[in-house]
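These notes concern the structure reproduced below.
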Amino acid sequence: MAAFDEVKECIEKKSSFVVEAGAGSGKTYLLIQTLNHLIELQGDNLNLNNQSIICITYTNVAKNEIIKRIEFNDLVNVYTIHEFLWQSIKQFQKQLKIELCKLNEIRYQKDVDNDKASKYIKNLKDRVNNIETVFYNDSSFRDFENGELHHDDVIELAKMLFENYSLLTSIVAQKYPYIFIDEYQDTSLDTVQTLIDFLLKRNEKNIVLGFYGDSHQKIYDTGVGNLENYYTGENKTLVLIKKEENYRSSKEVVKLLNSFRTNIEQKPQKEIQGSIKFLYWKNHPEKGGKQKVTEFENSLKSHKNDFYDKVVNKLIEQGWVFNAESDKILVLANSRIAERAGFSNLYKLFSQRFGQSVKERLLDRNHILIRLVAGYVDKKNSQERPVGLEHLLIYWNQNNHNEVIRFIKKNGTLLSEFKHYKKKIISETLDNLNNTRGEKTIKEVLKIVFDKEIISSNSFNEYLKRINQDSEGLDQDAKERIEKDKKFYDAFINLPYKEILNFWKHIQNETVFSTKHGTKGDEYRNVLTVIDDTEWKQEYNFNNFFNDSEEKPERKLRTRNLFYVECSRAKENLVVLMLSKIDDATFENIKKWFGKDNVIDLLEFI
């Protein structure tokens, strides 16, 4: 029976279900089919009873895509998980305040037990009546004393309310008789428990839940991964539906995917000619007895870079076209991408200052210094906010003078009073920047735009004011933070602006690189995926995964899923380049998966 027929049967029988859909199987299309089927089947009834269908997505991008594909039908409410949970609990203000006090107490006590200075206040319950409304929005910061929630708090509070107030679950089930969750594997365990253990199990006759996703594509540690506990055993709650087609990849790629996936055997649906290859370093050097690991690994970097360059050139000779649309290079570490794409000093600076938050601050453009030159993406609707210098120069190069004037009026002060001579200032300044900014430092470029009043920024001025404030009277932590920010700022403005240009090119998806984390859902004609076990050692170990010797279950799962995601992006040809050492057991397994003739010594290939 086709997966869609099984879904329709579950809906008819009021049975909740999980669709396990492999890469390229048309999961999103099936979800859209389900929504349209319900609109046609139950639309009149739902309207009559003032009920809605809920579709929960993981990102705003996915949300907007689904809304478009159901043609903006208002019978379906498409939410991110935070939006749905908040929509469900926000009117229960009395209960919210009770649970907020409990949550505050739990977190406060945890900090005390760990000898940490707590951000939470003791005995919030004594002051809770001063809170007018508990509230949340996408830009909320956490401030329990004033009733302000961070998005992480919404997940936890929703679970507490759904667990402790059965009336709430009845109201939600009555209002939303059909709830579908996309990318279930990336949904948190707390959310899964909220929806299944408290909402579904108390209201099984009144509600259908449908989970769509792929356990092998869970790449975020916060995700539940699989729902096996809910569709196996005596107390199973969900019906398992397998979607085994692969509409994306060549039969060679699909065969490889099936070799290390056990819960689904995919069947290629298109006659695509393709190939798979595994390139390895046959005579990998051994570490000297007294040599330090870091020293040994650093000594191999130039060899690895040389191999990498030669493999890329060889593939180009064979007809590969590395660009944003056609063929892609997948690497694990953002630092490697930064190095290859030409903004390694910028990345290193942010990494040293912000550690694990480097992605949020730099790559997601959440730091004021990056926003000045590259704008940002609005979290609420995933829309590009064109407020950076590079956006202005795009308008200038397009001869779009209306947008140039609009930009400067909105983001600068030069045109607060329009004078004809100012057009000449704009023209000369933008021509100058357009032609020479790649040869200047960031400091020199910013001086020009600020001096000419092309851009002005209150946020930037506040940032400067904060890092240059008198630190007398501040606690030690604040003093150290200011000192770090000063050093960071000085280093940033003295970087070559060329690094900003290369960073800009990368975030506009004009480079041939992606991280393996950033490609889920994407597809490319040909894929070169680069593996090196000397990067992210704590998180991934490909050699241990290949030879089935990994002793850490979480790392094994993480590595398997990442390898599955990266291999399954390829439509035609896949090349895996292994730059770190592999042992004999790995070599034997790789030959089974890829086929003996497709496992090739690097030196022979290049």
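The values are calculated or read from the model by the stated rules, or taken from the named source; none is laboratory data. All values derive from a computational prediction rather than experimental measurement. No Cβ is skipped: glycine too gets one built from the backbone with ideal geometry, and neighbour counts run over all protein chains shown.
Observations, loosely collected:
- Matching residues in segment 377-401 - criterion: being at pLDDT below 90 and in a helix (DSSP H, G or I): His401
- Restricting segment 174-205 to residues that are touching a Lys or Arg at 6+ places or on another chain (Cβ under 8 Å) and in a helix (DSSP H, G or I), the residue that is surrounded by the fewest Cβ atoms within 10 Å (Cβ to Cβ) is Gln193.
- Put simply, of Arg371, Arg353 the only residue that is charged (D, E, K, R), touching a residue at least 60 places away in the same chain (Cβ under 8 Å) and outside the structural domain of Asn432 (by TED's automatic domain parsing) is Arg353.
- Lys116 vs. criteria among the basic types (Lys, Arg), outside any helix (DSSP H, G or I) and surrounded by fewer than 19 Cβ atoms within 10 Å (Cβ to Cβ): yes
- Residues in segment 64-81 that are modelled with pLDDT of 90 or more and closer than 16 Å to Tyr136 by Cα: Tyr79, Ile81.
- Flag for Glu462 being of a type outside the set (Phe, Trp, Tyr), within 24 Å of Arg353 (Cβ to Cβ) and loosely packed, with under 13 Cβ neighbours inside 10 Å: yes
- Entry remark, segment 570-589: residues being at pLDDT 95 or above and closer than 17 Å to Val527 by Cβ number 9 in total.
- Filter result for Val61 (at pLDDT 95 or above and either of a type in the set (Phe, Trp, Tyr) or more than 22 Å from Asp190 (Cβ to Cβ) (or both)): no
- Among the residues of segment 243-269, those identified as part of a loop (DSSP other than H, G, I, E, B) and either surrounded by fewer than 21 Cβ atoms within 10 Å (Cβ to Cβ) or hydrophobic (A, V, I, L, M, F, W, C) (or both) are Glu244, Tyr247, Phe260, Arg261, Thr262, Asn263, Ile264, Glu265, Gln269.
- Matching entry among Ile272, Ile219 (being under 24 Å from Tyr524 (Cβ atoms), among the β-branched types (Val, Ile, Thr) and in the same structural domain as Asn561 (by TED's automatic domain parsing)): Ile272
Conditions (1) buried (at least 17 other Cβ atoms within 10 Å of the Cβ); (2) not assigned by TED's automatic domain parsing to the domain that holds Asp197, marked per residue:
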{"residue": "Lys68", "(1), (2)": "no, no"}
{"residue": "Ile81", "(1), (2)": "yes, no"}
{"residue": "Ile106", "(1), (2)": "no, yes"}
{"residue": "Val112", "(1), (2)": "no, yes"}
{"residue": "Asn129", "(1), (2)": "no, yes"}
{"residue": "Asn164", "(1), (2)": "no, yes"}
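- Considering segment 343-376, and only residues there that are part of a loop (DSSP other than H, G, I, E, B) and surrounded by fewer than 17 Cβ atoms within 10 Å (Cβ to Cβ), the residue that is farthest from the chain's Cα centre (by Cα) turns out to be Asn366.
- Criterion: surrounded by fewer than 14 Cβ atoms within 10 Å (Cβ to Cβ), more than 30 Å from Ile467 (Cα to Cα) and of a type in the set (A, V, I, L, M, F, W, C) - qualifying residue of Ile337, Ile329, Ile316, Ile272: Ile316
- Scan of segment 213-242 for residues that are more than 20 Å from Cys567 (Cα to Cα) and small (Gly, Ala, Ser), ordered by number: Gly223, Gly233
- Restricting attention to segment 456-476, the residues that are among the polar types (S, T, N, Q), touching a residue at least 24 places away in the same chain (Cβ under 8 Å) and in a helix (DSSP H, G or I) add up to 1.
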